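The values are calculated or read from the model by the stated rules, or taken from the named source; none is laboratory data. Source: prediction; values computed, not measured. Cβ coordinates were reconstructed from backbone atoms using ideal geometry, including for glycine residues, and neighbour counts include every protein chain displayed.
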Amino acid sequence: MILDSLDLPLEQAALPGPARHWRFNRGFWTFFTAAFFFDAGFAVFFFLFNLYLVDLHFSERAIGSVNAAMTLGSLLGTLPGGELTRRFGVRPLLLACYWAQRERSARVYRPRPHWRS
């Protein structure tokens, strides 16, 4: 939607070029702020994870391979996740993932008697 610069508030009319026509609602800025902090958290995680791998005496090549595998796995998981979200909605998919992870954790971390080890 292109508006005449006379219809815009003074703050937006002073912006150069096409930026003066951008009007974002509150939902956009909420998402943008949340995404900023989420990405900042991931940046700290990757930094600390790399330091952890260096502390375990991994080579630079191995650390690069681990980071590449994490990024590729995230990308490949996003594609079917987006399609499933579009088909079933966010809430049912989040509940299904929650219950699947809960069951998996219960099976993996179930205490075993020491005589079965």
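Numbers for the structure displayed
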quantity: Qualifying residue in the stretch 30-39 (condition: among the charged types (D, E, K, R), part of a helix (DSSP H, G or I) and modelled with pLDDT of 90 or more); calculated: yes
quantity: Pairs where the first residue, in the stretch 31-54, is without any contact (Cβ under 8 Å) to a residue 60 or more places away in the chain and the second is surrounded by 10 or more Cβ atoms within 10 Å (Cβ to Cβ), C-beta under 6 Å, 6+ apart; calculated: N50/I63; L53/I63
quantity: Top-ranked residue of the stretch 17-29 - restricted to ones that are exposed (fewer than 10 other Cβ atoms within 10 Å of the Cβ) and not in a helix (DSSP H, G or I), ranked as modelled with the highest pLDDT; calculated: N25
quantity: Residue within the stretch 91-100 that is surrounded by fewer than 10 Cβ atoms within 10 Å (Cβ to Cβ), in a helix (DSSP H, G or I), within 18 Å of the chain's Cα centre (by Cα) and modelled with pLDDT of 90 or more present; calculated: yes
quantity: Members of the stretch 52-87 that are of a type in the set (A, V, I, L, M, F, W, C) and exposed (fewer than 11 other Cβ atoms within 10 Å of the Cβ); calculated: L56, A68, A69, L72, L75, L76, L79
